[in-house]
Amino acid sequence: MTAPTETVSPPFAELPFREQAFRIREHILKMATAPQGAHVGGSLSCADVLLHLYTRVLDIDPQEPDRPDRDRFVLSKGHAAPALYAVLAETGHLPVEELATYTQPGSRLAGHPLRRVPGVEFPTGSLGHGLSLGTGVALAMRRQGRPARAFVLLGDGELQEGSVWEAAMSAAQYGLDNLVAVVDRNGLQITGGTEECVALEPLAERWRSFGWAAVEIDGHDEAALEETFAALPARTGKPTVVIARTVKGRGVALFEGKKKSHSVQLNPRLYQRAKKDLRSGRTA
Amino acid sequence: MSEVITETTAGTTAGASAGTPARVPAPGAATAEQSWAERYAVPARDAYRRTLLDLARVDPRIFCVDSDMGGLETLFGDALPEQYVNVGIAEANLLGVSAGLAHSGLLPYANTIASFAAARACEQLKVDVAGNNLPVRVVVTHAGVSAGHYGPTHHAVEDIAIVRTLPHLTVVVPCDAAEAEAAVRATVDLPGPLYVRLGRAATPLVNDAPYDFRLGEARLLREGEDVTLVATGPYPVVMALEAAELLARQGHSARVLNMHTIKPLDTAALGRAARETGGIVTVEDHVRVGGLGAAVCEAVAEDHHCPVRRIGVPDGYLDHVAGERELLEYAGVHPEAIAAAALGLARGR
């Protein structure tokens with residue numbers, strides 16, 4: 001008789017990208033079992049981008065969170081907080097156990113990120129603020145002669161906020177090639193498709209006409225993420241926007257491409273089904 | 001009492017009267033030889049701008065963030081281009097960019113019109129500036145009805161009510177050019193956010209000598225025992241002093257406080273006024289709801305038994321065409337009304 005082998009999962013940092021992404025999505029689903037639910041669809045859609053940024057792009061160190069030359073990240077689509085918390089936890093900014101407190105009374109982990117959460121540079125939640133913040137940071141880094149960059153993750157529906165374009169114009173005017181906007185282009189907002197609500201296309205052309213270098217990629221493709229973020233800025237002297245084409249609810253068939261995945265509370269039955277969906281697509 | 005003075009700021013000449021002698025020194029050109037009165041015979045805005053440039057020359061943390069106000073691009077931008085940013089006509093972006101600059105260790109002075117900061121970009125002020133407790137200095141002009149004939153789109157008679165509810169935000173209302181300079185110098189190292197409320201054209205010089213501006217401490221302009229007049233803003237302070245004169249002629253002694261800091265409010269001075277004079281009249285170039293008068297009522301009601309009368313702009317859209325002082329008088333803010341309110345309190349005792 002052979003003894004049952006004990007499975008010890010390797011440290012997060014040593015896992016391949018897809019396994020890491022699976023772990024992040026598991027956390028997101030778990031958070032959606034909280035009584036208040038969670039913004040599941042938009043968290044799952046940007047999970048790969050966030051994971052890639054925090055593990056392979058951003059020059060930040062949880063042990064030295066105030067280092068002046070660090071890169072800054074702004075989650076302008078603050079409702080994707082569950083994805084951010086999961087990534088912050090797995091990259092050493094937060095204890096992983098703390099994720100279980102998500103939206104519980106007394107927790108630091110609110111439905112939208114608070115500034116007292118380690119690793120959160122700016123609290124967000126009201127859409128249309130993040131790109132101005134990133135522009136200010138990038139401008140400061142430039143004027144101070146620091147090598148740091150500012151990354152801002154925006155929702156696509158968020159682009160309907162006029163203040164985004166105020167920021168886009170000024171960032172281009174100042175030639176901030178140390179500023180990178182990423183648009184989580186999942187195509188859905190609360191009432192349905194972005195194009196049916198207030199159309200955003202031709203999106204890349206719009207950004208280009210605002211003076212940005214625009215790159216369109218599959219926001220779930222590890223190789224595309226790797227290639228794009230390793231080659232920043234896309235154009236010297238211009239801010240870069242990465243339009244990450246994604247699927248709302250990505251990884252969980254129950255939610256994929258469904259507007260109802262926007263904000264969901266998972267009861268035990270739904271949670272089991274969602275986890276099963278996630279596992280079945282694990283290698284996809 | 002008010003003088004018509006040519007505006008010195010480039011790009012804004014609409015308020016100037018033809019033929020007015022250009023005796024106002026150019027911003028940044030004030031000299032030690034100038035008398036106190038000469039140095040400050042300028043709009044508070046110009047005194048602030050001159051001061052900002054002085055301070056920025058020796059402090060590279062200080063940034064001037066412009067929103068196409070006119071004048072700053074030459075005065076400040078030409079002198080210190082590396083510390084100047086113009087985001088254009090985009091006030092939400094102005095405050096967001098300023099928050100980003102402050103988060104990175106700089107001291108941005110965000111320049112816009114009162115209504116555009118407090119009303120248009122209120123959410124950026126609330127979330128990105130005040131909520132984050134960042135050292136952004138939001139310096140606004142055209143406050144109250146100082147935009148005069150520009151009309152109600154450019155008036156800001158509700159901004160104090162809005163901004164004093166925002167977290168961490170210090171709110172300062174200088175009463176003249178001298179106090180604008182003193183207040184800006186005194187708050188350079190304030191760790192949190194600041195809202196400085198300025199007018200547009202020149203207003204009478206209230207302060208006749210340098211004084212030690214103390215943030216959060218009301219300035220006693222006139223001692224008195226029968227009633228206290230608490231005023232904020234250029235003409236309200238001037239009118240309170242004029243009302244005190246009217247009252248003196250009728251045998252009543254009125255204390256006059258310049259409440260230059262709305263938040264934090266000097267509740268100690270209000271307590272002394274309540275105890276020692278038994279009645280308070282507030283005066284402001286702001287609606288009677290939510291501004292200085294309301295703040296004083298809140299403070300007094302909690303700790304003192306003292307009647308308060310509020311002189312301010314009544315509810316309604318002020319679509320009358322006039323200059324700053326005339327508009328206030330049209331709205332019922334004038335020395336006679338202040339004196340009458342004070343007499344009412346005195347009689348009631």
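The values are calculated or read from the model by the stated rules, or taken from the named source; none is laboratory data. The shown structure was predicted, so the numbers you read here are calculated from the model rather than taken from an experiment. For neighbour counting, all protein chains shown are included, and Cβ atoms are generated from backbone atoms with ideal geometry for every residue, glycine included. These area figures cover heavy atoms from the full protein model, side chains too; ligands, DNA and RNA do not enter into them. Shrake-Rupley method; radii C 1.70, N 1.55, O 1.52, S 1.80 Å.
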Practice item. Let me know the charge dipole size of chain A about its Cα centre in debye, to the nearest 20, where only the beta-carbon of Lys, Arg (+1) and Asp, Glu (-1) is charged. Key: 540
Review point. If the cut-off is 26 Å between C-alpha atoms, which lysines fall inside it for residue A:30, apart from same-chain ones fewer than 8 positions away?
Key: A:77, A:248, A:258, A:259, A:260, A:275, A:276
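Give me the net charge of residue B:301's neighbourhood, meaning all other residues with Cβ under 14 Å from the Cβ of residue B:301; Lys, Arg count +1, Asp, Glu -1.
Taking every other residue near residue B:301 into account, the sum is -1.
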Exercise for review: Provide the solvent-accessible area of residue A:278, counting protein heavy atoms only and rolling a 1.4 Å probe, rounded to the nearest 10 Å².
Suggested key: 10
Point to revise | From phi via Karplus (6.51, -1.76, 1.60), per-residue ³J(HN,Hα) for region A:75-86 in Hz, x at Gly/Pro | key: 8, 5, 8, x, 6, 7, 3, x, 5, 5, 4, 4
Review point. Which value, in Å² rounded to 10, gives the accessible area of residue B:330 with a 1.4 Å probe and all protein chains present?
Key: 140
Point to revise | Taking chain A and dividing mean pair separation by its residue count, relative contact order in percent (alpha carbons under 8 Å, at least six apart) | key: 22
Review point. At a probe radius of 1.4 Å, what is the per-residue accessible area of residue B:242, in Å² to the nearest 10?
Key: 50
Study note, to complete from the structure: Unit-weight point scatterers at every alpha-carbon of chain B, Debye formula, q = 0.07, 0.08, 0.13 1/Å: log10 I(q)/I(0) is -0.27, -0.35, -0.95
Review point. Going 7 Å from the Cα of residue B:57 toward and past its Cβ, which residues in region B:69-108 have a backbone nitrogen under 13 Å from where you end up?
Key: B:76, B:79-80
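Any idea what the dipole of the protein assembly as shown comes to, in debye rounded to 20, about its Cα centre with Lys/Arg Cβ at +1 and Asp/Glu Cβ at -1?
1500
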Study note, to complete from the structure: Given Cβ charges of +1 for Lys and Arg and -1 for Asp and Glu, the option among B:109, B:234, B:339 whose Cα lies farthest towards the positive end of the dipole of the protein assembly as shown is B:109
Point to revise | Inter-label distance for residue B:34 and residue B:168, nm, one decimal - labels placed 7 Å from Cα along Cα-to-Cβ | key: 3.5
Review point. Stretched out fully, how many nm does the piece from residue A:267 to residue A:190 gain, at 0.36 nm a residue minus the Cα gap?
Key: 25.6 nm
Exercise for review: Using only the C-alpha atoms of region A:138-284, find the volume of their convex hull and express it per residue in Å³.
Suggested key: 128
Point to revise | Drop in accessible area of at least 30 Å² in the complex versus isolated chain, residues of region A:111-154, 1.4 Å probe | key: A:115, A:122, A:123, A:126, A:129, A:132, A:133, A:136, A:139, A:140, A:143, A:144
Review point. What's the FRET efficiency of residue B:189 with residue B:315 using the Cβ-Cβ distance as r and R₀ = 35 Å, to the nearest 0.05?
Key: 0.35
Point to revise | Segment residue A:258-residue A:218, extension gain: residue separation times 0.36 nm, minus the distance between their alpha carbons | key: 12.6 nm
Revision key, fill the gap. One checks the Cα atoms of region B:219-349 and finds Rg and Dmax, in Å, of 13.6, 41
Check your understanding: Taking the Cβ-Cβ separation of residue B:302 and residue B:276 as r and a Förster radius of 22 Å, what is the calculated FRET efficiency to the nearest 0.05?
Key -> 0.75
Point to revise | Solvent exposure ordering (accessible area, 1.4 Å, most first) of A:54, B:150 | key: B:150, A:54
Study note, to complete from the structure: Rounded to the nearest 10 degrees, the helix B:335-348 long axis (Cα) sits at an angle to the longest Cα principal axis of chain B of 40
Review point. So for the pair residue B:326, residue B:212, with labels modelled 7 Å out along Cα→Cβ, what separation do we get in nm?
Key: 4.3
Study note, to complete from the structure: region B:177-232: spread of alpha-carbon positions along the three principal axes, whole Å, largest first, is 39, 27, 20
Revision key, fill the gap. Here the relative contact order (percent) of region A:114-158, from C-alpha pairs under 8 Å and at least 6 apart, is 31
**Study point:** Segment residue A:197-residue A:103, length gained on full extension (0.36 nm per residue, minus Cα span)
**Key:** 30.8 nm
**Study point:** Per-residue ³J(HN,Hα) for region A:93-105, Karplus 6.51 cos²θ - 1.76 cosθ + 1.60, θ = phi - 60°, Hz, x for Gly and Pro
**Key:** 8, 10, x, 4, 4, 5, 4, 5, 8, 2, 6, 7, x
**Study point:** residue B:220-residue A:209 pseudo-label distance in nm [points 7 Å out on the Cα-to-Cβ vector]
**Key:** 6.5
Review point. To the nearest µm²/s, what D does Stokes-Einstein give for the protein assembly as shown at 20 °C and 1.002 mPa s, using the Kirkwood radius over alpha carbon pairs as Rh?
Key: 80
Revision key, fill the gap. Taking region A:198-265, the equivalent ellipsoid from its C-alpha gyration tensor has semi-axes in Å, biggest first, of 27, 16, 8
Revision key, fill the gap. Excluding residues fewer than 8 positions from residue B:263 in its own chain, the lysines with Cα under 18 Å of it are B:126
Check your understanding: By how many degrees, between 0 and 90 and to the nearest 10, does the Cα long axis of helix A:17-31 differ from the longest principal axis of chain A?
Key -> 80
Check your understanding: Given H placed on each backbone N at 1.01 Å, which residues far from residue B:283 in sequence or on other chains put an amide H within less than 5 Å of it?
Key -> B:230, B:231, B:232, B:311
Point to revise | Two-site FRET efficiency, residue A:36 against residue B:268, from Cβ-Cβ distance with R₀ of 45 Å, rounded to 0.05 | key: 0.55
Check your understanding: Long-range amide H contacts for residue B:198: which residues qualify at under 5 Å (H placed 1.01 Å from N, peptide plane, sequence gap of 5 or more or a different chain)?
Key -> B:140, B:141, B:143
Point to revise | For region B:296-349 versus region A:128-199, the gap between their alpha-carbon centres in whole angstrom | key: 46
Review point. Given springs between every Cα pair under 10 Å in a Gaussian network model of chain B, which of B:279, B:77, B:144 has the largest fluctuation?
Key: B:77
Practice item. State to the nearest 20 debye the size of the charge dipole of chain B about its Cα centre, where the only charges are +1 on K and R beta carbons and -1 on D and E beta carbons. Key: 500
Check your understanding: Applying the Karplus parametrisation 6.51 cos²θ - 1.76 cosθ + 1.60 with θ = phi - 60° to the phi angles of region A:253-265, what ³J(HN,Hα) value in whole Hz is obtained for each residue in order, glycine and proline being reported as x?
Key -> 3, 3, 10, 4, x, 9, 5, 5, 6, 3, 9, 9, 10
Review point. In whole Å, how far is the Cα centre of region B:65-138 from that of region A:43-76?
Key: 26
Point to revise | Protein accessible surface hidden between B and A, which excludes ligands and nucleic acids, total in Å², probe 1.4 Å | key: 1900
Exercise for review: Relative to the longest principal axis of the C-alpha atoms of chain B, give the angle of the C-alpha long axis of helix B:292-303, reported between 0 and 90° and rounded to the nearest 10°.
Suggested key: 60
**Study point:** Long-range amide H partners of residue B:170 with built H, under 5 Å
**Key:** B:194, B:195
